[in-house]
Amino acid sequence: MARVRKGGNYRKNKDGKRDTYYWKAKEDGFRSRAAYKLFQINEKHELIKPGDSIVDLGAAPGGWLEVAKQLTDGHIIGVDLQRIAPIEGIETIKGDMTSERTIEKILKKVGEDGVEVVICDAAPNLSGNWSLDHARSIDLTTCALECAIKILKPGGHFVAKVFQGDMFDGFVHKLSRNFAFTKSYSPKASRSQSAEIYVIGKKFLSAPLKKGNKFDVEITEIGSDGDGVATVDGFVVFVKDVELGDKVNIKITDVKPNFAFAEVLKKNTN
Ligand SMILES: C[S@@+](CC[C@H](N)C(=O)[O-])C[C@H]1O[C@@H](n2cnc3c(N)ncnc32)[C@H](O)[C@@H]1O
């Protein structure tokens, strides 16, 4: 089984195309140089821990699956358009992650419990047309996010590759509506001339509300710091500038894994 080694001198061929990580992957026995990207992402952002179950979207040839297997002894499922040569203990699905049929297969394997982490290194076939490739990459990553929303456990994590471009900020905004923390990160193992970047969502918000949602609520308690406390479907919301018993129309301003903050839009008079 592949084992990562740190450091070392690695050959390049004369045009420099076979870089350090290519040779390192060969030496360490990984299926792809991409393996080191996941090691570096995980070292920096602590997404995968022992016992976690993982779905890897766009997983062929399987470098990330090999890394995932070193980081956790949990259930691992790899999905790709291409067949993934078997890796002991890892389940694979050959299918298009953007299709309902594949999502159903993933849901069936994951079961009702969900998974702790969804990772996605999927890349569209490159056309060489920058904006087209960017748009296709955003499409794929959006499908990965939609899949993650269906299968992540509350508090779970997500990482996906995106090619940078003008739709990047919109995607990060969408991500931030579903996770408590979002980051973007470029691991050293990404080629320096590459347009790819990895977007990370930590602590999946399974709250029954999202930033910007509006609700009519009653303030049932005043918290120790003076904020009013209301609940929406049992989820605690802290509301500023209210009194006990106030009936108010609120707008959610921030969502944390276990509670949310809101501002008052209107005091209701009955
Ligand atoms: C860069 S490779 C992934 C490398 C992998 N992380 C590794 O370490 O070996 C990108 C993969 O995304 C897959 N892919 C692209 N579009 C896909 C789709 N719609 N559904 C499933 N896989 C897809 C490609 O087939 C390709 O194998």
Looking at the range 117-165, which of the residues that are charged (D, E, K, R) and at pLDDT 95 or above is nearest to His75 (Cα to Cα)?
Asp121
Can you tell me which condition Arg136 does not meet? The list is (1) in contact (Cβ under 8 Å) with a residue 40 or more places away in the chain; (2) surrounded by 15 or more Cβ atoms within 10 Å (Cβ to Cβ), and all the others hold.
(1)
Determine, yes or no, whether Lys150 is within 15 Å of the ligand (Cβ to nearest atom), over 15 Å from Asp52 (Cα atoms) and of a type in the set (Lys, Arg).
no
Which members of the range 150-176 meet the condition of being more than 23 Å from Ala34 (Cα to Cα) and in contact (Cβ under 8 Å) with a residue 40 or more places away in the chain?
Lys150, Ile151, Leu152, Lys153, Pro154, Gly155
Kindly indicate whether Lys210 is closer than 30 Å to Tyr22 by Cβ, within 21 Å of the chain's Cα centre (by Cα), at pLDDT below 95 and loosely packed, with under 14 Cβ neighbours inside 10 Å.
no
Qualifying position, being buried (at least 16 other Cβ atoms within 10 Å of the Cβ) and either more than 15 Å from the ligand (Cβ to nearest atom) or not in a helix (DSSP H, G or I) (or both), among Ala85, Ala123:
Ala123
Residues that are without any contact (Cβ under 8 Å) to a residue 40 or more places away in the chain and within 14 Å of the ligand (Cβ to nearest atom), drawn from the range 48-66
Ala60, Pro61, Gly62, Gly63, Leu65
Evaluate the following for Ile93: is it assigned to a strand (DSSP E or B), surrounded by fewer than 22 Cβ atoms within 10 Å (Cβ to Cβ), within 13 Å of the ligand (Cβ to nearest atom) and in the same structural domain as Ala25 (by TED's automatic domain parsing)?
yes
Residue under evaluation Leu244, criteria (1) in contact (Cβ under 8 Å) with a residue 40 or more places away in the chain; (2) hydrophobic (A, V, I, L, M, F, W, C); (3) loosely packed, with under 14 Cβ neighbours inside 10 Å, criterion not met:
(1)
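The values are calculated or read from the model by the stated rules, or taken from the named source; none is laboratory data. Predicted model only: the values in this text are computed from it and were never measured. Cβ: placed from backbone, ideal geometry, glycine included. Neighbour counts: every protein chain shown.
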